Amino acid sequence: MADENNNVILQGEICWPEMKYTKNGKALFKSKVRIPTTDQRTGESRESYLRITAWEDFAEYLNTLPQGSRIRVSGRIQERSFTNREGKRQNVTDIVVNGVEPVDSEEGENFFLLSGTLQWPELRHVGERGTPLFKAKVKVPFYREDDPSTLRHSYVRITAWDDLAESLSQVGPEGAVKVTGHIQDRKWTDPRTEQKRVFTDAVVTNFTAGTSAGV
C-alpha cells in the first residue's frame, strides 16, 4: 500500500540479493537496484545502486527472481543508524518495499515524494562559483501496520541545488513542504581514515511549501 507522505518508485536491475530469516522466522530480503540515470546538473550518464529491503511475502517473491532480473518496486524511504566495527555511528538509507512487479524494459525509473516538515535546514554556497546547496531532513509521519494507532515519524535527508536551494531555505525550520525528486547515491573518502563512504540523498527537483502533511 502506497504511503501518501513517503512514496518511492524505482525500476532497475536486482544486484547482490540476500535472503535471511529473523529469529521469529520472518523472511527478510535485501539487495540493491541498479538504476541508469542522468546527472541533472552535469548531464552525464551514471548509475545509482539503491538499497531495498523487503519483508515476508514480498521477500519470498523477490527471492524467486535471479540476480539481474528487472523489477519495478514501490516503497518508502527509511533511514536507520548502527554502530560499525570501528565503534562509530553510521547511517544507512533503505527503500522498504510495499509493492513489486517484474518488467521487461531496460529503462530506469527513480522517483520519490515526501510530505512533512523541515528539520535542521542549512544553506551553503559551495565551489568556486558559490553554488547554493540546501540540506535538511524532512520529518514524515507514518503508522506501522502492526500498530496503526501510534503515530511515528521518519527523518529523511534531502538535498537541493541552485534556485531550489535558495527557495527551500526561505521555508524555515518546521515549515511544511511536499518535495519530489530522485534518489542518488554518492561516494566520498573520509580524509581522516581514508575509508570510502557511501551516502544516499533524496535530491529535490520540485517542491510545494505550506502543505498540511507532516503534523
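The values are calculated or read from the model by the stated rules, or taken from the named source; none is laboratory data. The shown structure was predicted, so the numbers you read here are calculated from the model rather than taken from an experiment. A quick note on method: Cβ atoms are made from the backbone with ideal geometry, for glycine too, and the neighbour counts reach across all protein chains shown.
Side notes on the structure shown:
- Of the criteria (1) in a loop (DSSP other than H, G, I, E, B); (2) in contact with a Pro (Cβ under 6 Å, 6 or more places away or on another chain), which one residue 174 fails: (2)
- The lone exception for residue 59 - which of (1) at pLDDT 95 or above; (2) part of a strand (DSSP E or B) it fails: (2)
- Single match in 44, 56 (criterion: closer than 21 Å to residue 159 by Cα and not small (Gly, Ala, Ser)): 44
- Boolean, residue 68 is touching a Cys at 6+ places or on another chain (Cβ under 9 Å) and either of a type in the set (S, T, N, Q) or exposed (fewer than 15 other Cβ atoms within 10 Å of the Cβ) (or both): yes
- Scoring residue 53 on the criteria (1) without any contact (Cβ under 8 Å) to a residue 60 or more places away in the chain; (2) crowded, with 18+ Cβ neighbours inside 10 Å; (3) touching a Lys or Arg at 6+ places or on another chain (Cβ under 7 Å); (4) under 30 Å from residue 169 (Cα atoms) leaves a single failure, condition (4).
- Close pairs from region 68-81: first in contact (Cβ under 8 Å) with a residue 40 or more places away in the chain, partner assigned to a strand (DSSP E or B) and of a type in the set (Phe, Trp, Tyr), Cβ under 8 Å, at least 6 apart: 76/142; 77/112; 79/155
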